[in-house]
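One structure is given below, encoded as structure tokens.
The values are calculated or read from the model by the stated rules, or taken from the named source; none is laboratory data. From a predicted model like this one, the values you see are computed outputs, not experimental measurements. Cβ coordinates were reconstructed from backbone atoms using ideal geometry, including for glycine residues, and neighbour counts include every protein chain displayed. Note: accessible area is taken over every heavy atom of the protein model, side chains too, but ligands, DNA and RNA are not part of it. Shrake-Rupley method; radii C 1.70, N 1.55, O 1.52, S 1.80 Å.
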Amino acid sequence: MSTSQVNGEARQLVWLITGTSSGFGKRLVKSVLSRGDRVIATARSLDKLSKTLLHEIPESLNENLKALELDITEGEASLKAKAKDAASYWGRIDVLVNNAGFGLPGFFEEGGSTLFRRQFESNVFAMVDMVTVTLPYIRASKGTIVNVGSRSAWKTEIAGLGKILILYETLAVEVAPFGVKVLIVAPGAFRTEGIYGQSYVQTQSLPEYDEARELSIKRFKSVPGTEKGDPAKGMEILVDVVRGEGKARGKPWPGYLLLGEDCLNDLNSKAAKLVNIAEDWREISSDVNFDS
């Protein structure tokens, strides 16, 4: 049974989506509303949200849209209160989409733990907080948790662009007994706003990396406008999967939603690399048991 079906009839879902003032979040809000579902759109600034998203929503859909000022890094206690407010709008939360987050390019040695702490604060700890404060409502509705991440976890050979694969697979196992589904979205290169606008983090600037850093910065600056991925199409597929309709109708729950040919190619390359290593070293790797 689809998450959007109850006793064979279509169900109107309530989505809580973070980071909706631009990028995937903005497109996702529009896609969800177009299906007749309800949205609690969040952003750090309601003023910015009003200028970038809210004024673009047709008046006929406004009754299904609520705006909530929410910074995912504001801490569990504050977010718990925000989640309670969000749930009070329509009496429930069916889908949480962790979309807010950001990437900070930088080299391991130059960025150090300062770079990683900033990344973890938004992309790991804030995600954990959002899941924690909304799970009581998601459990009650046997709903869905979605994380919009990146295919870069499988393309770690690009200097300055290391990524963290968030522990959603473990979460999926823990919440499955409650009828809650988890979806990890891994987009390739999509033409969204500002994704390559972050400056390189250099807690300490080391001359040994000057040449590689300049090449990496040059590469980043050349990407905007060349991405093949259409974010609106990507978010339409995400909604199809969550609602079990459209292109996802009749398909089993994927757990992962891989978006873009580049994502598929990178995943296949990574998998092939690991399989080849395992085969090449099989005899040595397996020769570690106690002598019988």
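Before moving on, here are some points about what is shown:
- Viscosity 0.692 mPa s, 37 °C: Kirkwood-radius Stokes-Einstein D of region 208-261 over Cα pairs, µm²/s: 235 µm²/s
- FRET efficiency, 1/(1 + (r/R0)^6) with R0 22 Å, evaluated for D210 and S113 via beta carbons: 0.50
- In terms of overall dimensions, the chain has a Cα radius of gyration and Dmax of 20.6, 75 angstrom.
- Separation of the K48 and F120 label points, Cα + 7 Å toward Cβ, nm: 2.5 nm
- Positive-pole candidate from L53, L171, T73, dipole of the chain, charges at beta carbon: L53
- Efficiency of FRET from Cβ geometry, Q12 and N268, R₀ 45 Å, rounded to 0.05: 0.75
- Those trypsin sites (Lys or Arg not before Pro) in region 200-292 that DSSP places in a loop and that have at most 12 other beta carbons within 10 Å: K228, R249
- Fully extending the segment from T132 to E169, taken as 0.36 nm per residue of separation minus the present Cα-Cα distance, adds 11.8 nm.
- In angstrom, the C-alpha Rg and Dmax of region 54-153 are 16.1, 52.
- With the Kirkwood sum run over all distinct C-alpha pairs, region 196-292 has a hydrodynamic radius of 18.5 Å.
- Within region 1-131, the proportion of Cα pairs with more than 27 Å between them is 25 percent.
- Rough spin-label spacing in nm, given labels placed 7 Å along Cα→Cβ, for R219 and K251: 2.9 nm
- Where the chain is the region considered: accessible area per residue in Å², 1.4 Å probe: 55 Å²
- The chain: relative contact order in percent, alpha carbon pairs under 8 Å with at least 6 residues between: 19 percent
- Given their separation in residues at 0.36 nm each and the Cα-Cα distance between them, W90 and V288 gain 65.5 nm when the chain is fully extended.
- Relative contact order (percent, whole number), region 1-133, Cα cutoff 8 Å, 6+ residue spacing: 28 percent
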